[in-house]
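Chemist: One structure, as C-alpha cells, below. Some questions next.
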Amino acid sequence: YDPHAIERPRYEQWEAAGHFAAQGRDAPYCIMLPPPNVTGSLHMGHAFQDTLMDALIRYHRMQGFRTLWQCGTDHAGIATQMVVERQLGLKGQSRHDLGRETFLEAVWQWKGESGGTISQQLRRMGASMDWERERFTMDHGLSQAVTEVFVRLHEEGLIYRGKRLVNWDPALTTAISDLEVVSQEEQGTIWHIRYPLENGNGHVVVATTRPETMLGDVAVAVHPEDDRYRRLIGKYVTLPLCNRSIPIIADDYVDPEFGSGCVKITPAHDFNDYAVGERHGLPKINIFTPQAAINDNGPAAYRGLDRYEARKRIVADLETQGLLARADPHKLMVPRGDRSQAVVEPYLTDQWFVQIAPLAGPAIQCVEDGRIRFVPENWSKTYFEWMRNIEDWCISRQLWWGHRIPAWYDARGNIYVGRTEAEARAKGNLAPDVALTQDEDVLDTWFSSALWPFSTLGWPAKTPALSTFYPTSVLVTGFDIIFFWVARMIMMGLKFMGDVPFREVYV
C-alpha cells in the first residue's frame, strides 16, 4: 500500500469537487477548528483532536446536516516574531534596524512562504475542512472584529490602562500570559540577611531566594500573632545597602513557620508582596530595566548590572558588612518563559487590561444552567474554580507583530481610543494641529482568538453564515486551554452575540 499514490490524488478530487462545503439541507452543525499557530507543524495532539472532529463532521455531513468545519490559523504573536527575528539575526540584523513597517512586511513575506505548512498537513491527514472559508487571525475582517471589540469594551469602561504587576520576559522584553510561563524545580540558595533595627537595638533576619530584589524593599512583614516580633510592629529597620528606613508591618500572609518568620516586602517584584502592599498602602519601587538590569532606582554601585551580576555583588557586600547571617541550599520553583527560557520577573509596568469580573458572571451561569455542557463533565469543576477566582486580564504585548492597540496619545499623555485615528480625534474634539502618536503595543494573541467563533463567520457584519452557524455545535479541545481560550470565547460570545459560542465542550 503506497499512501502517497492513493491519498493525495483522492483528497485533491474531494476538495476540487467541493465535497467539504457547507451544503446540507437539514439543521446546521458547526465545529470551529482551534486555530493552530501559523509558525508550527502538526503534533500528535492536533492529529488526535482533528481526527475526532473529522469523525463528527463526516458523520453529520452524511446524515444530511448543513455541516461546516471552520478552519484557519492563529498569527501567534510571540512565536512568529521570534521566527522572523531569528532569521534576521543570521544576517546580523535586528527588527530595530529594519523599523516597524519593514519588519512587518518581512513577517507577512515569511507567512506567505512558510505559513502554509499546517494547511498542507491537514490535507494530508484527510481532514474534511471547508477550505473555501479558511481564515487567519490577522485577516482584514478578523482584524476589524478585534478593533470593534476593543473599542466597545473601552467605551463601557471594561478595558483600561493601568500600572500593574505582570509576568515579564526580559529576553523578549514583553509581558506574557500565565500559559507562557513554565515553572520548574531548580536548585538555588536561600540567603538569610540581617536588617538592623533603626533604634540600634539589634536586627531582624529576613530570608530570600532573590537578594537582588531587596533594593526595592519597602517593608518587613511579620505575622500579627507572632510573639517574637509583636513588640517590633510599627518600628523601623534600615534597609541594607540602600540606607532607607522601612517599617515593620503585621500581615496574615506571613507564615511564622517559614524561615525566621520575617518576610521582605517588594511590591514591584512579587505578586504576593504586591497584594500586601495594596492592603497597607505601601509604595512600589521598580528596580529593573526591561532587560532585568538594575535601573536608576537602585544604589549607584549596582546600576546597569544584570540581575545575576547584581546578586553576586549584593551578597558579597552584605557579607563584607557582616549582614549575611547564612546561605543555605534551597530547591525552588523557577518561572521561565516557554519560548525564550529566560527567568520571568514579576514586573511593574503600564499595560492594558480587561476588567473581567462583569464578563465572568454570565459565563459561569451558562455552564451552571446547562446551556454549555463539558464532556467529560468533571472539567466543569476546573472551569468554575478559575472563573470564580478570576483576575483582570493583561491584554497588551510589547511586540510589533499582532493587532496594534487602537489608542492614541497626545503630548501630555492623554489617551484617545477609536476605530481609526480620525474617530479617536473626533471623540476627543481635537484640533487638526494636535499631534497624536499611536500606542506601540499589540494585543495578546488570546484576545483575537477569543472572538474566533463569530469573527470567522463575518462579525461585526450580519452575515448569512453568522445567522446560520452561530452558536456552533461542539468545541473539541485540550484541557490546558480551558482558561485561556474556552472561557474567553464563552465570555466574548455572550457579550457580543448575546448567546453561547457552542453547546458542548469535548475535552
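The values are calculated or read from the model by the stated rules, or taken from the named source; none is laboratory data. None of these values were measured; they are calculated from a predicted model. Glycine also receives a Cβ, built like all others from the backbone with ideal geometry; neighbour counts cover every protein chain displayed. The protein model used for the area step is the full one, side chains on, heavy atoms only, and it has no ligands, DNA or RNA in it. Shrake-Rupley method; radii C 1.70, N 1.55, O 1.52, S 1.80 Å.
Chemist: Which part of region 328-355 falls in the paramagnetic zone of THR209, meaning amide N under 19 Å from the point 7 Å along Cα-to-beta-carbon?
Modeler: 328-338, 341-347
Chemist: Using 0.36 nm times the number of residues separating THR238 and HIS140, minus their current alpha carbon distance, what extension gain do you get?
Modeler: Net length gain for the segment: 29.5 nm.
Chemist: Distance from the Cα centre of region 6-80 to that of region 455-491, in angstrom?
Modeler: 15
Chemist: Which percent, nearest 5, of DSSP beta bridges in the chain are antiparallel? Spell out each step's value before the answer.
Modeler: On the way: 53 of 72 bridges.
Here the antiparallel bridges make up roughly 75 percent for the chain.
Chemist: Follow-up question, since we're still on this one. Can you bin region 212-361 into rounded, prolate or oblate? Criterion: square roots of the alpha carbon gyration tensor eigenvalues sorted a ≥ b ≥ c, rounded for a/c under 1.5, prolate for a/b above b/c, oblate for the rest.
Modeler: oblate
Chemist: Considering only DSSP states other than H, G, I, E and B, which GluC sites (Glu not before Pro) in region 384-488 qualify as loop sites with at most 16 other Cβ atoms within 10 Å?
Modeler: GLU391, GLU440
Chemist: Continuing with the same structure: Of THR420, PRO376, PRO471, which is farthest towards the positive pole of region 349-485's charge dipole, taken about the Cα centre with +1 and -1 on the beta-carbons of Lys, Arg and Asp, Glu respectively?
Modeler: Ranked along the dipole, the leading option is PRO471.
Chemist: Please give the charge dipole size of region 377-452, origin at the Cα centre, charges +1 on K and R Cβ atoms and -1 on D and E Cβ atoms. Round to the nearest 20 debye.
Modeler: About 140 debye.
Chemist: Here is a follow-up. Under a 5 Å amide H to amide H cut-off, with H placed in plane at 1.01 Å, what residues pair with ILE395 once short-range neighbours are removed?
Modeler: TRP352, PHE353, VAL354
Chemist: What pairs in LYS381/LYS495; LYS427/LYS495; LYS111/LYS381; LYS163/LYS462 have C-alpha atoms more than 27 Å from each other?
Modeler: Distance filter (> 27 Å) returns LYS111/LYS381; LYS163/LYS462.
Chemist: Could you calculate the FRET efficiency of ARG373 with ASP350 from 1/(1 + (r/R0)^6), where r is the beta carbon distance between them and R0 is 30 Å, rounded to 0.05?
Modeler: Efficiency at R0 = 30 Å is approximately 0.15.
Chemist: Taking 0.36 nm per residue of sequence separation and subtracting the Cα-Cα distance, how much length would be gained by fully extending the chain between ALA301 and ARG326, in nm to one decimal? Could you put the intermediate results ahead of the total?
Modeler: Working: separation 25, 0.36 × 25 = 9.00 nm, distance 2.29 nm.
Length gained between ALA301 and ARG326: 6.7 nm.
Chemist: Where a ≥ b ≥ c are the square roots of the eigenvalues of the C-alpha gyration tensor, would you call region 201-280 rounded, which needs a/c under 1.5, or, failing that, prolate if a/b is larger than b/c, or oblate?
Modeler: Taking the square roots of the gyration eigenvalues as a ≥ b ≥ c, region 201-280 is rounded.
Chemist: To continue, here is another question. Rounded to the nearest Å, what's the spacing between the alpha carbon centres of region 97-161 and region 261-288? Just the number, please.
Modeler: 38
Chemist: Let me have the 222 nm mean residue ellipticity of the chain computed from DSSP H runs of 4+ only, each contributing -39500 (n - 2.57), with the sum over all residues rounded to the nearest 500.
Modeler: Roughly -10000 deg cm²/dmol at 222 nm, from the helical runs in the chain.
Chemist: While we're here: For region 34-48, take each phi angle, set θ = phi - 60°, evaluate the Karplus expression 6.51 cos²θ - 1.76 cosθ + 1.60, and give the result in whole Hz per residue in order, putting x for glycine and proline.
Modeler: Ordered by residue, 3J(HN,Hα) equals x, x, x, 5, 4, 6, x, 10, 5, 10, 4, x, 4, 4, 5 Hz.
Chemist: Scan the chain and report its longest stretch carrying no trypsin sites (Lys or Arg not before Pro) that are both in a DSSP loop and have at most 13 other Cβ atoms within 10 Å.
Modeler: Here the longest segment lacking exposed loop sites spans 229-387.
Chemist: Return the loop-located chymotrypsin sites (Phe, Trp or Tyr not before Pro) in region 209-310 (DSSP other than H, G, I, E, B) with at most 16 other Cβ atoms within 10 Å of their own Cβ; answer none if there are none. Spell out each step's value before the answer.
Modeler: Values: sites: TYR229, TYR236, TYR253, PHE258, PHE271, TYR274, PHE288, TYR302, TYR308; in loops: TYR229, TYR253, PHE258.
Within region 209-310, the qualifying chymotrypsin sites (Phe, Trp or Tyr not before Pro) (loop, at most 16 other Cβ atoms within 10 Å) are TYR253, PHE258.
Chemist: Using amide H atoms built 1.01 Å from N in the peptide plane, name the residues 5+ places from ARG373, or on other chains, whose amide H lies under 5 Å from its own.
Modeler: Those lying under 5 Å, H to H, from ARG373 are GLU504, VAL505.
Chemist: If the chain between ASP439 and ASN389 were fully stretched, how many nm would it gain, using 0.36 nm times the residue separation less the Cα-Cα distance?
Modeler: Length difference between fully extended and current span is 15.0 nm.
Chemist: Rounded to whole Å, give me the distance from the Cα center of region 294-310 to that of region 384-447.
Modeler: Computed from Cα coordinates, the inter-centre distance equals 32 Å.
Chemist: For LYS235, which aspartates and glutamates qualify as cross-link partners when the Cα separation must be under 13 Å and same-chain residues fewer than eight apart are set aside?
Modeler: Those aspartates and glutamates meeting the cut-off are GLU198.
Chemist: Same structure, new question: In debye to the nearest 20, how big a dipole does region 36-158 give about its Cα centre with +1 on each Lys and Arg Cβ and -1 on each Asp and Glu Cβ? If you can, show how the numbers build up before the last one.
Modeler: Values: 13 positive and 15 negative charges, 88 e Å.
Dipole of region 36-158, to the nearest 20 debye: 420 debye.
Chemist: Using a 1.4 Å probe on the protein chains only, how many percent of the accessible area of the chain belongs to carbon and sulfur?
Modeler: It is 50 percent, rounded to a whole number.
Chemist: Moving to a separate point now. Between ARG230 and SER245, with labels modelled 7 Å along Cα→Cβ, what's the label distance in nm to one decimal, could you check?
Modeler: That separation, rounded to one decimal, is 2.6 nm.
Chemist: Another question, if that's okay. Sort region 332-433 into rounded, prolate or oblate with this rule: let a ≥ b ≥ c be the square roots of the eigenvalues of the Cα gyration tensor; rounded if a/c is under 1.5, and if a/c is not under 1.5, prolate when a/b is larger than b/c, oblate otherwise.
Modeler: Oblate, because a/c is 1.5 or more while a/b does not exceed b/c.
Chemist: Roughly how many nanometres apart are two label points built 7 Å out from the Cα toward the Cβ at ASP178 and ALA21?
Modeler: The two pseudo-label positions are separated by 4.5 nm.
Chemist: Let me ask something else. For percent of Cα pairs over 40 Å apart, one of (i) 69; (ii) 35; (iii) 12 was computed from the structure I shared and the rest are decoys. Which label?
Modeler: Working out percent of Cα pairs over 40 Å apart from the coordinates points to (ii).
Chemist: Compare the Cα positions of TYR195, GLY216, LEU158 along the charge dipole of region 137-216 (+1 at Cβ of Lys, Arg; -1 at Cβ of Asp, Glu; about the Cα centre) and return the one farthest towards the positive end.
Modeler: TYR195
Chemist: Rolling a 1.4 Å sphere over the protein heavy atoms, what is the accessible area per residue of the chain, to the nearest Å²?
Modeler: Per-residue value: 46 Å².
Chemist: Please give the charge dipole size of the chain, origin at the Cα centre, charges +1 on K and R Cβ atoms and -1 on D and E Cβ atoms. Round to the nearest 20 debye.
Modeler: 240
Chemist: Explain nothing, just compute: Karplus ³J(HN,Hα) = 6.51 cos²θ - 1.76 cosθ + 1.60, θ = phi - 60°, for every residue of region 86-92 in order, whole Hz, x for Gly and Pro.
Modeler: Whole-Hz 3J(HN,Hα) from phi for region 86-92: 5, 5, 5, x, 5, 9, x.
Chemist: I'd like the GluC sites (Glu not before Pro) in region 224-328 restricted to DSSP loop residues with at most 15 other Cβ atoms within 10 Å, sorted by number.
Modeler: Of the GluC sites (Glu not before Pro), the ones in loops of region 224-328 whose Cβ has at most 15 other Cβ atoms within 10 Å are GLU225, GLU257.
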